[in-house]
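Notes for the one structure printed next.
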Amino acid sequence: MALQPANPLAEQVYLRVKDEIFDFHLLPGDRFTETDLAGRLGVSRTPVRDALYRLKREGYLDVGFRSGWSVSPFDFVRFDELYDLRILLEEAAITRLCQMETVPLDALRAIWLVPLADRETDAHKMAALDEGFHCALVEAAGNREILKAHLELTEKIRIIRRLDFLKDKRIDATYEEHAKILRLIFRRKSAEASILLRAHITQSKNEVRKITLHMLHEARITMTKLAAAKRAAKSTARSTGKAAAKKSSLR
């Protein structure tokens, strides 16, 4: 039986605020108070405080005695170290996969070895697909401890991954590189696949150092527009469905 969070409401606040950080609604340096957040989310301050201190322990937030809460600045040294660890873990996974009699990556083949017209273009979905690709490589390799470590670091770099895919050229490049890596793994070309993987991740690592506050503000505007467009599309779909149902009932 799955364990339930000690405080379900605090868990909801925790996930909501973390999503707002990952989706650039809250940027490094943005300030707020427990009272403001509680009012915006419609909950009491107790679950808000529990959630915020959890996020502080995880490095996402800072708190000052008089200044309230703020989103932590990016720690670029830490990101470098996480990307270095990611390379080591994923290279180990590739080595193990290439030693297997049957490579269990058919699901990835169906996502990444596709025609140009079938490729995903939504930045948010693309970031999730990219994350899923790399996690699936590690999971398929079968080492649970490596997978656990990889999942933990994956969450810590998620915000960087989402920022990366706001550039169209990175979406196209990722499809090409993932396809090449998969083909090499299926051919048991461990050394070549590892070299390509290292170059692929290093490219993302190098992009991290180019992040500026201006880029983050642009990302916030872009993500807000995408969210608004999705809401509008859902609203249109609901209206169309209701109209169709009404028309059908009149027949």
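Specify the residue that is nearest to ILE159 (Cα to Cα); the eligible residues are those in region 176-225 that are in contact (Cβ under 8 Å) with a residue 40 or more places away in the chain and among the polar types (S, T, N, Q).
SER204
Consider ARG54 against the criteria (1) in contact with an Asp or Glu (Cβ under 6 Å, 6 or more places away or on another chain); (2) at pLDDT 95 or above: it satisfies all of them except one. Which criterion is unmet?
Result: ARG54 passes all but (1).
Of the conditions (1) β-branched (Val, Ile, Thr); (2) closer than 13 Å to GLU90 by Cα; (3) surrounded by fewer than 16 Cβ atoms within 10 Å (Cβ to Cβ), THR212 satisfies every one except a single condition; which number is it?
(2)
Suppose we keep only residues that are part of a helix (DSSP H, G or I) and in contact (Cβ under 8 Å) with a residue 60 or more places away in the chain within region 112-131. Which one would you say is farthest from ARG162 (Cα to Cα)? Let's see the steps before the verdict.
First pass over region 112-131, keeping only residues part of a helix (DSSP H, G or I): 112, 116-118, 123-131.
Now narrow it down to the ones that are in contact (Cβ under 8 Å) with a residue 60 or more places away in the chain: 112, 123-124.
Values: TRP112: 18, ALA123: 7, HIS124: 6 Å.
Here the answer is TRP112.
So, SER44, is that one touching a Lys or Arg at 6+ places or on another chain (Cβ under 7 Å) and either within 24 Å of MET215 (Cα to Cα) or exposed (fewer than 13 other Cβ atoms within 10 Å of the Cβ) (or both) or not? Give the steps one after another, and end with the answer.
Details: touching a Lys or Arg at 6+ places or on another chain (Cβ under 7 Å): no; either within 24 Å of MET215 (Cα to Cα) or exposed (fewer than 13 other Cβ atoms within 10 Å of the Cβ) (or both): yes.
No, not satisfied.
Within region 47-61, take every residue that is of a type outside the set (A, V, I, L, M, F, W, C) and buried (at least 16 other Cβ atoms within 10 Å of the Cβ) and give me the one that is nearest to ARG78 (Cα to Cα). Please lay out each step first, then the result.
Looking only at region 47-61, we keep the residues that are of a type outside the set (A, V, I, L, M, F, W, C), and these are 47, 49-50, 53-54, 56-60.
Subsequent filtering for residues that are buried (at least 16 other Cβ atoms within 10 Å of the Cβ) retains 47, 49-50, 54, 60.
Details: PRO47: 29, ARG49: 26, ASP50: 25, ARG54: 19, TYR60: 13 Å.
If we take residues in region 47-61 being of a type outside the set (A, V, I, L, M, F, W, C) and buried (at least 16 other Cβ atoms within 10 Å of the Cβ), then TYR60 is nearest to ARG78 (Cα to Cα).
The values are calculated or read from the model by the stated rules, or taken from the named source; none is laboratory data. Quantities reported herein were computed from a predicted structural model and do not represent experimental measurements. Every residue, glycine among them, receives a Cβ derived from its backbone with ideal geometry; neighbour counts consider all protein chains shown.
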